[in-house]
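Participant: Submitted below is the structure of interest, expressed as structure tokens.
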């Protein structure tokens with residue numbers, strides 16, 4: 001077909017409440033006009049990676065920050081743990097954004113911010129920018145009960161305002177070149193958490209829109225402002241974004257395998273075969289606050305072989321050696 005770009009569209013037919021079947025676009029490459037291409041190139045050169053680090057207001061905020069050496073016994077909600085640091089390292093090594101914005105309500109103390117726990121592995125913080133934000137407390141007349149819901153809103157607002165890629169601290173960038181290409185050829189990029197389950201949902205831990213004021217995060221934020229359900233864990237962050245995608249399939253596409261969450265062991269072993277993970281843009285591990293997350297020595301003894309291999313692989317690119325101590 002000559003100059004036409006190859007298109008891949010997966011149609012998943014959904015029938016719910018009388019809605020007509022709609023296509024879910026997993027990934028679509030688009031042919032860009034020259035003027036659009038120049039704009040995309042400029043945006044890619046100034047790509048921003050966003051993290052959100054929020055803590056409940058109260059004693060945890062005023063607690064003095066933990067100084068190195070960092071370990072589990074000293075850990076507070078303020079401090080970045082080992083896996084948090086590895087997520088940032090993966091962004092620096094594999095994505096190489098112009099800037100990393102950390103949107104946070106954690107105050108500095110004597111010039112310190114809780115990234116000092118990462119200094120063992122990351123020495124160049126020149127592209128890190130702290131963006132102070134406040135908790136909203138309410139939306140749509142409802143109290144925001146969970147700090148995670150505050151963080152989901154903050155991620156959407158960051159991508160909507162600045163453009164770029166928002167990711168959770170348990171997401172690791174693997175193929176940054178492929179990720180940049182996908183960001184340039186679709187309005188927004190996100191990931192599917194539970195394909196085929198009764199309550200299909202998008203995962204809020206991975207969202208990229210190269211241009212500011214993109215339609216998809218704007219529509220999701222509108223739902224938060226009009227129909228926020230604080231007692232339903234993923235209604236606003238996952239289920240409603242999924243249905244927005246169904247109704248407007250060309251404003252966001254899904255990056256396959258990044259966030260898919262079947263039974264975790266099967267998923268890990270499938271990706272482990274033949275190093276399939278090296279061809280993925282990113283990987284959402286879903287490992288948060290478990291003992292091996294807090295420091296390198298504990299992590300070296302974990303049995304999470306796939307995640308261990310990933311981290312050792314990209315850390316080795318910058319000369320960081322993480323031993324293998326598990327049996």
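The values are calculated or read from the model by the stated rules, or taken from the named source; none is laboratory data. None of these values were measured; they are calculated from a predicted model. So basically every Cβ, Gly included, is an ideal-geometry build from the backbone, and we count neighbours across all protein chains shown.
Participant: Among the residues of segment 229-252, count how many are out of contact with any helix residue (DSSP H, G or I) (no Cβ under 8 Å at 6 or more places or on another chain) and closer than 18 Å to residue 184 by Cα.
Facilitator: Residues in segment 229-252 being out of contact with any helix residue (DSSP H, G or I) (no Cβ under 8 Å at 6 or more places or on another chain) and closer than 18 Å to residue 184 by Cα: 2 in total.
Participant: While we're on this one: Test each condition in (1) at pLDDT below 90; (2) under 23 Å from residue 51 (Cβ atoms); (3) surrounded by fewer than 16 Cβ atoms within 10 Å (Cβ to Cβ) for residue 193 and report the one that comes out false.
Facilitator: (3)
Participant: Another question, if that's okay. Test residue 212 against the stated conditions and say whether it is modelled with pLDDT of 95 or more and touching a strand residue (DSSP E or B) at 6+ places or on another chain (Cβ under 7 Å).
Facilitator: Working: modelled with pLDDT of 95 or more: yes; touching a strand residue (DSSP E or B) at 6+ places or on another chain (Cβ under 7 Å): no.
Criteria not met by residue 212.
Participant: Can you tell me which residue within segment 111-136, out of those that are farther than 22 Å from residue 225 by Cβ and in contact (Cβ under 8 Å) with a residue 60 or more places away in the chain, is surrounded by the fewest Cβ atoms within 10 Å (Cβ to Cβ)?
Facilitator: That would be 120.
Participant: If you go through segment 197-226, how many residues are touching a residue at least 40 places away in the same chain (Cβ under 8 Å) and outside any helix (DSSP H, G or I)? Talk me through it step by step, then tell me what you get.
Facilitator: Narrowing segment 197-226 to residues touching a residue at least 40 places away in the same chain (Cβ under 8 Å): 199-214, 217-218, 220-221, 224-226.
Restricting the remaining residues to those that are outside any helix (DSSP H, G or I) gives 199-214.
Within segment 197-226, residues that are touching a residue at least 40 places away in the same chain (Cβ under 8 Å) and outside any helix (DSSP H, G or I) number 16.
Participant: Being assigned to a loop (DSSP other than H, G, I, E, B), surrounded by 15 or more Cβ atoms within 10 Å (Cβ to Cβ) and in contact (Cβ under 8 Å) with a residue 40 or more places away in the chain, is that true of even one residue in segment 137-154? Give the steps one after another, and end with the answer.
Facilitator: Let us first name the residues in segment 137-154 that are assigned to a loop (DSSP other than H, G, I, E, B), namely 137, 140-141, 144-146.
Filter again for surrounded by 15 or more Cβ atoms within 10 Å (Cβ to Cβ), leaving 144.
Imposing the further condition that a residue be in contact (Cβ under 8 Å) with a residue 40 or more places away in the chain reduces the set to 144.
Yes, that holds for at least one residue.
Participant: Are any of the residues in segment 242-256 at pLDDT below 85 and either surrounded by fewer than 18 Cβ atoms within 10 Å (Cβ to Cβ) or not in a loop (DSSP other than H, G, I, E, B) (or both)?
Facilitator: Taking segment 242-256 as the starting set, the residues that turn out to be at pLDDT below 85 are 256.
Next, only the ones that are either surrounded by fewer than 18 Cβ atoms within 10 Å (Cβ to Cβ) or not in a loop (DSSP other than H, G, I, E, B) (or both) stay: 256.
Yes, segment 242-256 contains at least one residue that is at pLDDT below 85 and either surrounded by fewer than 18 Cβ atoms within 10 Å (Cβ to Cβ) or not in a loop (DSSP other than H, G, I, E, B) (or both).
Participant: Is it fair to say residue 160 is under 21 Å from residue 90 (Cα atoms) and either outside any strand (DSSP E or B) or under 15 Å from the mean Cα position of the chain (by Cα) (or both)?
Facilitator: On the way: under 21 Å from residue 90 (Cα atoms): no; either outside any strand (DSSP E or B) or under 15 Å from the mean Cα position of the chain (by Cα) (or both): yes.
The answer is no for residue 160.
Participant: Kindly check whether there is at least one residue in segment 169-178 that is buried (at least 23 other Cβ atoms within 10 Å of the Cβ), in a helix (DSSP H, G or I) and under 17 Å from the mean Cα position of the chain (by Cα). Write out each step before concluding.
Facilitator: Within segment 169-178, the first condition is being buried (at least 23 other Cβ atoms within 10 Å of the Cβ), and the residues that meet it are 171-173.
Those still in the list that are in a helix (DSSP H, G or I) too: none.
Scanning segment 169-178 turns up no residue that is buried (at least 23 other Cβ atoms within 10 Å of the Cβ), in a helix (DSSP H, G or I) and under 17 Å from the mean Cα position of the chain (by Cα).
Participant: Here's something else I'd like to know. If only one of 182, 136, 201 is at pLDDT 95 or above and under 25 Å from residue 256 (Cα atoms), which one is it? First the steps, then the outcome.
Facilitator: Details: 136 fails: under 25 Å from residue 256 (Cα atoms); 201 fails: at pLDDT 95 or above.
Checking each option against the conditions leaves just 182.
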